[in-house]
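Here it is, the structure, as structure tokens.
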Amino acid sequence: MGPDLKAVLQATGVAKTFPGAGGGTVALQATDLLVQENDFITILGPSGCGKSTLLRMVAGLDTPSAGLITLDGQPVSGPGPDRGMVFQSYTLFPWLTVLRNVCFGLREKGLPVAEQEAIARRFIAKVGLSGFEHHYPKQLSGGMQQRTALARALANNPRILLMDEPFGALDHQTRELMQELLLSIWEDERKTVLFVTHDIDEAIFMASRVVVMSTRPGRIKCDLPVPLPHPRHYAMKTTPAFMDLKARLTEEIRVEVQRAAGLAPA
Ligand code: ADP
Ligand code: MG
């Protein structure tokens with residue numbers, strides 16, 4: 001690590017076994033991961049390989065069975081406003097408007113209402129929802145709800161944004177729009193992001209680095225830089241650099257899926 005690179009998140013020997021019959025379920029084998037300032041890391045892996053488990057431990061929603069996770073050098077011991085989360089299923093408070101949802105964490109921090117609303121409106125505008133401040137979640141499309149969840153996470157100015165298949169429930173076109181929106185926000189604000197997906201195109205298009213996980217018990221299999229410049233545009237998905245990396249990742253994932261199905265040696 002160079003002197004100008006700053007570790008935001010570090011996982012060292014992090015493993016997770018869920019208790020149960022026969023010694024329990026090993027969801028994650030000892031895993032090391034380093035996320036530096038302004039990284040956009042995607043974690044790519046087949047279903048059930050422990051991606052959500054890893055992210056939930058970083059979020060402080062689950063405790064590792066072994067190893068250590070630190071954020072800015074401090075051990076993670078529970079959830080905190082320094083980690084902003086966006087999950088696949090809509091996590092907005094249904095009884096609160098868009099504005100109140102986005103203000104939620106700011107209110108918890110004890111900011112004056114005028115300041116909460118000024119910050120919230122800025123992020124609502126960033127995700128293209130100006131004019132919808134007083135709508136309730138059920139009045140919004142799935143994409144708009146996820147944009148609200150993104151605005152809410154960003155409004156708290158977290159050290160790291162944790163996203164678990166955030167666009168997984170959206171139709172293809174909406175999903176591509178959301179990818180471009182998140183990328184443009186990242187290019188603007190240079191946030192640090194850890195993003196879980198099982199979609200290879202999404203993993204490449206969004207990331208500065210793609211981390212591939214093997215099937216259960218999960219472990220990190222490879223960690224590849226994405227050689228695409230910024231700003232990114234969807235047309236880059238057909239460039240040779242994109243296609244080469246896609247071919248490599250497709251093969252890595254295919255082997256893992258075969259292994260899980262008992263069609264390839266472990
Ligand atoms: P992914 O997000 O990659 O699809 P998960 O992290 O959700 O995978 O799950 C990894 C493995 O751990 C799976 O085999 C799953 O069944 C198991 N698992 C996840 N959560 C629990 C839990 N709370 N109790 C027992 N097993 C779990
Ligand atoms: Mg998952």
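Is it the case that the range 212-230 has a residue that's more than 18 Å from the chain's Cα centre (by Cα), over 22 Å from ALA149 (Cβ atoms) and aliphatic (A, V, I, L, M)?
Within the range 212-230, one or more residues are more than 18 Å from the chain's Cα centre (by Cα), over 22 Å from ALA149 (Cβ atoms) and aliphatic (A, V, I, L, M).
Let me ask something additional. Can you name the residue in the range 101-125 that is closer than 19 Å to MET144 by Cβ and basic (Lys, Arg) and is also least open to solvent (accessible area, probe 1.4 Å) among such residues? Reasoning before the result, please.
Of the residues in the range 101-125, the ones closer than 19 Å to MET144 by Cβ are 101-104, 120-125.
Narrowing the set further to residues that are basic (Lys, Arg) leaves 121-122.
Details: ARG121: 97, ARG122: 122 Å².
Of everything passing the filter in the range 101-125, ARG121 is least open to solvent (accessible area, probe 1.4 Å).
Here are ASP244, ASP223: which of them is part of a strand (DSSP E or B) and either farther than 20 Å from ARG175 by Cβ or free of Cβ contacts under 8 Å to residues at least 24 places away in the same chain (or both)?
ASP223
I need every pair where a residue in the range 70-81 that is within 16 Å of ASN156 (Cβ to Cβ) and aliphatic (A, V, I, L, M) has its Cβ under 7 Å from the Cβ of a residue that is assigned to a loop (DSSP other than H, G, I, E, B) and open to solvent by 20 Å² or more (accessible area, probe 1.4 Å), sequence separation at least 6 or different chains.
Every condition considered, the pairs that remain are LEU71/ASP82; LEU71/ARG159.
Ok, one more. Which residue is surrounded by the fewest Cβ atoms within 10 Å (Cβ to Cβ), if the candidates are limited to the range 248-265 and must be of a type in the set (A, V, I, L, M, F, W, C) and either over 15 Å from CYS49 (Cα atoms) or touching a residue at least 40 places away in the same chain (Cβ under 8 Å) (or both)?
Residue satisfying both the conditions and the ranking: LEU263.
For the range 147-158, which residues satisfy the criterion of being in contact with a strand residue (DSSP E or B) (Cβ under 7 Å, 6 or more places away or on another chain) and either surrounded by fewer than 18 Cβ atoms within 10 Å (Cβ to Cβ) or not in a loop (DSSP other than H, G, I, E, B) (or both)?
Across the range 147-158, the qualifying residues are ALA149, LEU150, ALA153, LEU154.
Could you check the range 1-83 for strands (runs of 3 or more DSSP E) lying wholly inside it with 3 or more residues that are open to solvent by less than 50 Å² (accessible area, probe 1.4 Å), under 29 Å from GLN258 (Cα atoms) and within 16 Å of ligand 1 (Cβ to nearest atom)?
Qualifying strands (runs of 3 or more DSSP E): 7-18, 25-36, 40-44.
Which ones in the range 20-32 are within 25 Å of THR192 (Cα to Cα) and either in contact with a Ser or Thr (Cβ under 7 Å, 6 or more places away or on another chain) or more than 16 Å from ligand 2 (Cβ to nearest atom) (or both)? Quick ask: steps written out before the conclusion?
Within the range 20-32, the subset within 25 Å of THR192 (Cα to Cα) is 28-32.
Those that are within 25 Å of THR192 (Cα to Cα) and either in contact with a Ser or Thr (Cβ under 7 Å, 6 or more places away or on another chain) or more than 16 Å from ligand 2 (Cβ to nearest atom) (or both): LEU28, GLN29, ALA30, ASP32.
Here's something else I'd like to know. What is the number of the single condition among (1) within 25 Å of GLU180 (Cα to Cα); (2) crowded, with 16+ Cβ neighbours inside 10 Å that GLY128 does not meet?
Result: GLY128 fails condition (2) only.
Looking at the range 116-139 only, could you name the residues that are among the polar types (S, T, N, Q) and in a helix (DSSP H, G or I)?
Step one: list which residues in the range 116-139 are among the polar types (S, T, N, Q), which gives 116, 130, 139.
Of everything in the range 116-139, those that are among the polar types (S, T, N, Q) and in a helix (DSSP H, G or I) turn out to be GLN116, GLN139.
Hey, another quick one. Say we look at the range 163-182 and pick out the residues that are aliphatic (A, V, I, L, M) and in contact (Cβ under 8 Å) with a residue 60 or more places away in the chain; which of these is surrounded by the most Cβ atoms within 10 Å (Cβ to Cβ)? First the steps, then the outcome.
Going through the range 163-182, the residues aliphatic (A, V, I, L, M) turn out to be 163, 169-170, 177-178, 181-182.
Okay, now just the ones that are also in contact (Cβ under 8 Å) with a residue 60 or more places away in the chain, so 163, 169.
Working: MET163: 25, ALA169: 15.
Result: MET163.
Residues of the range 200-222 being at pLDDT below 95, open to solvent by 40 Å² or more (accessible area, probe 1.4 Å) and not β-branched (Val, Ile, Thr), which ones?
ARG216, PRO217, ARG219, LYS221
Scan (1) open to solvent by 10 Å² or more (accessible area, probe 1.4 Å); (2) touching a helix residue (DSSP H, G or I) at 6+ places or on another chain (Cβ under 6 Å); (3) more than 21 Å from ARG152 (Cα to Cα) for the single condition LEU92 breaks and write down its number.
Only one criterion in (1) open to solvent by 10 Å² or more (accessible area, probe 1.4 Å); (2) touching a helix residue (DSSP H, G or I) at 6+ places or on another chain (Cβ under 6 Å); (3) more than 21 Å from ARG152 (Cα to Cα) is unmet by LEU92, namely (3).
The values are calculated or read from the model by the stated rules, or taken from the named source; none is laboratory data. From a predicted model like this one, the values you see are computed outputs, not experimental measurements. No Cβ is skipped: glycine too gets one built from the backbone with ideal geometry, and neighbour counts run over all protein chains shown. Surface accessibility is based on the protein's heavy atoms, side chains included, excluding ligands, DNA and RNA. Shrake-Rupley method; radii C 1.70, N 1.55, O 1.52, S 1.80 Å.
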